[in-house]
Amino acid sequence: MTVKDWFEQRKEMQIARRNQDAQIDDSIGKLWVKCYNCNAQLLRKEVEENLDVCPKCGYHFRINARTRINQLFDEGSFEELFGNITTADPLEFSDTEAYKKRITQAKAKTNMNEAVISGVGKIDGYEVAAAVMDFEFMGGSMGSVVGEKVTLAMEEALKRKIPMIAVTASGGARMQESILSLMQMAKTSCAVARLNEAGLLYITVLTEPTFGGVTASFATLGDIIIAEQDARIGFAGRRVIEQTIRQSLPADFQTANYLMKYGQIDMISSRAELKSTLAKLISLHTK
Amino acid sequence: MAILEFEKPLYEIEEKIQELKKISESSGMDVSDQIETFEKQALEYKKELYSKLTPAQRLQIARHADRPTFLDYIKLMTTDFIELHGDREGTDDRAIIGGIAKIDGQSVVIIGTQKGKTTKENLIYNFGMPQPQGYRKALRLFYHANKFNLPIVTLIDTPGAYPGMKAEETAQGTAIAVNLREMAKLNVPIVAIITGEGCSGGALGLAVADRVLMLEHSYYTVISPEGCASILWRDASKADVAAEALKITSEDLLKLEIIDGIVKEPLGGAHNDYEAMGKELKNAIIKEIKELKGLEPKTLRDERYNKFRRMGVFCQ
């Protein structure tokens, strides 16, 4: 074999491998998924059976609200409430696209009608009220509907005298509803005040990612604050901070571990342990 | 005084009038009739100009370098002000200043964000962008007011809570959230006024109040028009369009029932007449406190809750 032949052969092998890779990529979304963290090609079914956690490295993938509800609540116990509340467009907002169109697209993409599901359900037999956010619906942003449904879930907890659980996943306030979104921070926080006054347990579970107006309102007001493993949590976004202070930030900035180090959360839980942790906490607060 | 771009024609007219006056004085010619006509026309033009400002132009008035600051209003509206420093946990954030003072004989706890007028001052006050410790200082003073049954007045003029590394490490989000929740529990009247910029959670952290007022040219929004433009339009130069779309003016927010009233500013903005502005705002505060003072603590809390509970627009 001449040197030239060797190069030719190597090139052919590379092309063949690339084609093979392309085939795997084609089937992503069907059979295979790639772990963002360790880059392993994983069987989707295997990942799903592992609570959407990478079986190789333990990285926690983002999950939507319905998956979360299925993982957290006793089978068949969750009853969705206030699902009839849907988005209006009070400011007739339009940026590069109309808000109405963005909502229609988000609905089609997620099969949800807003970025939160509220309801009541059981966790190891304990009845709780809950609001579970969905990042896939417009980045989990909080507008009037999210604020209203979170508040209604808290008021349901007050009515039934049961604990309240909020699972957050949000980029922050929804800009398309401007000041009305800002006021949802006040509304939900005032509702937490009522939970406090009634002596009801309120636990928040902060999941990847929880930022902005949600962090600066009901997410960080839990009597107990749990961060899910691999979640990033903060008030201002990393890029905004870097632009402001003109220096780069540590790699682990705003991770669950970082928040733990700075005393902002009570604990970090893996997804596998989340349900039992919640059940144990509720039982410890039950007389 | 800094002249804004859209005000330039107005200043040209006024300069001409001054010139005319000088000429008339030096030459002894009586042109007082013409001067009077010009002055009338200038005033008409001024009224017309300021009544038709776009949100982006009003934003410039709200951010005017000479706009009265919290400490100016303290001088203009109160007597016997005693500043109370510090969060009792190691920091005295200068972007939020608070203390006790008298307004028209009524003792109040008064707290506000402070901006500077010069670079040096702005470095001290961090451009009016509070750290978490500022919100915690405010909270401590809220509790003080609650304990001694003093009404609370907050004056808000901030481009937002500070987005910094230490701010995140010491829980900026939590500090704001706790204020929102705790303000809901207070037994004393709370009056909040947006005096300039009312930007995002950083403003709201002092504004869960029984009455929320805005100065005529101030703005109140979930995100700065520049920030919104760079995220939604991916183009920061679209800030003027975003300012329009976000509905940030006092009239818009009154219409949306987010605020309870507008405090008129002197023609051209608060910076044109400190005395008049101070008097107008003082009267507005006195009126609101008088109305709220007679209410039982539970009524106050319930009405405050219901006020924010109603906010939001959706389909059902």
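What follows draws every value from the coordinates through simple rules; no lab data is involved. Quantities reported herein were computed from a predicted structural model and do not represent experimental measurements. Here the Cβ positions follow ideal geometry from the backbone for every residue, glycine too, while neighbour counts run over all protein chains shown.
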*Given the Cα atoms of the protein assembly as shown, and with Rh set as the inverse mean 1/r over their pairs in the Kirkwood sense, what is Rg to Rh to two decimals?*
1.06
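Per residue of chain A, what 222 nm ellipticity follows from adding -39500 (n - 2.57) for every DSSP H run with n ≥ 4, rounded to the nearest 500? Working shown, then result.
Values: 10 runs with 119 residues, N = 287.
Helix-only estimate at 222 nm: -13000 deg cm²/dmol.
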*Once both axes come from the Cα atoms, what is the angle between helix B:172-185 and the longest principal axis of chain B, in degrees from 0 to 90, rounded to 10?*
80 degrees
*asked:* At most 13 other C-beta atoms within 10 Å and a DSSP loop state: those are the exposed GluC sites (Glu not before Pro) I care about. Give me the longest piece of chain B that has none.
replied: B:90-256
*In whole Å, what three semi-axes, largest first, describe the equivalent ellipsoid of region A:62-284 built from its Cα gyration tensor (square root of 5 times each eigenvalue)?*
25, 23, 16
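Just want the ordering: B:ARG58, B:ARG88, B:ARG309, from fewest to most Cβ atoms lying within 10 Å of their own Cβ. Please list the in-between numbers first.
On the way: B:ARG58 21, B:ARG88 11, B:ARG309 17.
In order of increasing Cβ crowding within 10 Å: B:ARG88, B:ARG309, B:ARG58.
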*Which residue, A:GLY83, A:GLY222, A:GLY143, has the most motion in a Gaussian network model of chain A that connects Cα atoms within less than 10 Å?*
A:GLY83
*Gaussian network model of chain B, Cα springs within a sub-10 Å range: biggest mean-square fluctuation belongs to which of B:GLN34, B:GLN133, B:GLN60?*
B:GLN34
*What does region A:127-221 give for Rg and for Dmax, in Å, if only its C-alpha atoms count?*
12.1, 35
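Determine the sum of side-chain charges near A:ALA279: Lys and Arg each +1, Asp and Glu each -1, restricted to other residues whose C-beta is under 13 angstrom from that of A:ALA279. The partial results should precede the final answer.
Working: positive: A:LYS122, A:LYS275, A:LYS280; negative: A:ASP74, A:ASP124, A:GLU127, A:GLU273.
In short, -1.
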*May I ask which residue of A:LEU51, A:ILE69, A:ALA40 lies farthest towards the positive end of the charge dipole of region A:40-84, with charges of +1 (Lys, Arg) and -1 (Asp, Glu) on Cβ and the Cα centre as origin?*
A:ALA40
*Two decimals is fine: what is log10 I(q)/I(0) at q = 0.10 Å⁻¹ for region A:188-287, from a Debye sum with one equal scatterer on every Cα and no solvent?*
-0.31
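Can you give me the Kirkwood hydrodynamic radius for chain B, using every pair of distinct Cα atoms, in Å to one decimal? Don't skip to the answer; put the middle values down first.
Working: mean 1/r = 0.0480 Å⁻¹.
Result for chain B, one decimal place: 20.8 Å.
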_Relative contact order, percent, region B:135-194 [alpha-carbon distance under 8 Å, six or more residues apart]_ = 61 percent
*Give the Kirkwood hydrodynamic radius (Å, one decimal) of region B:106-166, defined as one over the mean of 1/r across all pairs of different Cα atoms.*
12.6 Å
*asked:* Only Cα pairs within less than 10 Å get springs; with that Gaussian network setup on chain A, which residue of A:GLU79, A:GLU92, A:GLU46 has the largest fluctuation?
replied: A:GLU92
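Could you give the dipole magnitude of region B:59-309 about its Cα centre, charging the beta-carbon of Lys and Arg +1 and that of Asp and Glu -1, in debye to the nearest 20? If you can, show how the numbers build up before the last one.
Details: 32 positive and 34 negative charges, 126 e Å.
The dipole of region B:59-309 has a size of about 600 debye.
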*Round to the nearest 10 and give me the degree value, 0 to 90, for the angle of helix B:297-309's Cα axis relative to the longest principal axis of chain B.*
70 degrees
*Which value does Rg/Rh take for region B:5-52 over its C-alpha atoms, Rh per Kirkwood?*
1.06
